[in-house]
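S.K.: There's a structure below that I have some questions on.
The values are calculated or read from the model by the stated rules, or taken from the named source; none is laboratory data. In this text, all values refer to a predicted model and were calculated from it rather than measured experimentally. Every residue, glycine among them, receives a Cβ derived from its backbone with ideal geometry; neighbour counts consider all protein chains shown. Side chains are part of the model used for accessible areas, which takes the heavy atoms of the whole protein and leaves out ligands, DNA and RNA. Shrake-Rupley method; radii C 1.70, N 1.55, O 1.52, S 1.80 Å.
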Amino acid sequence: QVQLVESGGGLVQAGDYLRLSCAVSGSTFSSYAMGWFRQAPGKEREFVAAISWSGGFTVYADSAKGRFTISRDNRKNTIYLHVRSLKLEDTAVYYCAADPTDRRSDVVTEYDYWGQGTQVTVSS
């Protein structure tokens, strides 16, 4: 069974840098595309970024371009989301997700496995 565990969230100040991690177990991690999504209170879950199994291809939501970077370390079965210059509107629960078919999609329903999420709260 595939398990995803996010970490690295917390209370941060606007303008800070944050690195979120997602550790994956129970699967052939290196063959999966991985994605990051987020869900703010009262809003739908939205796509942030995705990365191919090799790490050679990445895609970002327009709102994430320039401040967010997705990366992966297949030796550690872990993906990361680096966020700089945090803004109040980045406050959300951040989820990582796995897609065994390497579609690198921005669609929630095209990911088969999800973590529990990690809360990021940005204060002014």
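S.K.: With no solvent and one point on each alpha carbon, what is the Debye value of log10 I(q)/I(0) for the chain at q = 0.09, 0.11, 0.12, 0.22 Å⁻¹?
M.R.: Result of the Debye calculation: -0.21, -0.32, -0.38, -1.29.
S.K.: Could you derive backbone 3J(HN,Hα) for the stretch 90-95 from the dihedral phi with the Karplus parameters 6.51, -1.76 and 1.60 (θ = phi - 60°), listing whole Hz in sequence and x where the residue is Gly or Pro?
M.R.: Coupling constants for the stretch 90-95: 7, 4, 4, 8, 9, 10 Hz.
S.K.: Measure off, as a whole percent, the carbon and sulfur share of the 1.4 Å-probe accessible area of the stretch 7-110, all protein chains present.
M.R.: 49
S.K.: Keeping all protein chains in place, calculate the accessible area per residue for the chain (probe 1.4 angstrom), answer in Å².
M.R.: On a per-residue basis, 51 Å².
S.K.: Mind checking the full-extension length gain between residue 39 and residue 106? Use 0.36 nm per residue of separation minus the Cα-Cα distance, one decimal, nm.
M.R.: Between residue 39 and residue 106, full extension yields 22.7 nm more.
S.K.: So, one more: Under a straight-distance cross-link criterion of Cα-Cα below 20 Å, which lysines are reachable from residue 65, leaving out those fewer than 8 residues away in the same chain?
M.R.: 87
S.K.: Rank-order 24-36, 98-110, 74-86 by packing density, defined as the average count of other C-beta atoms within 10 Å over each peptide's residues, highest first.
M.R.: Averaged packing, sorted descending, gives the order 24-36, 74-86, 98-110.
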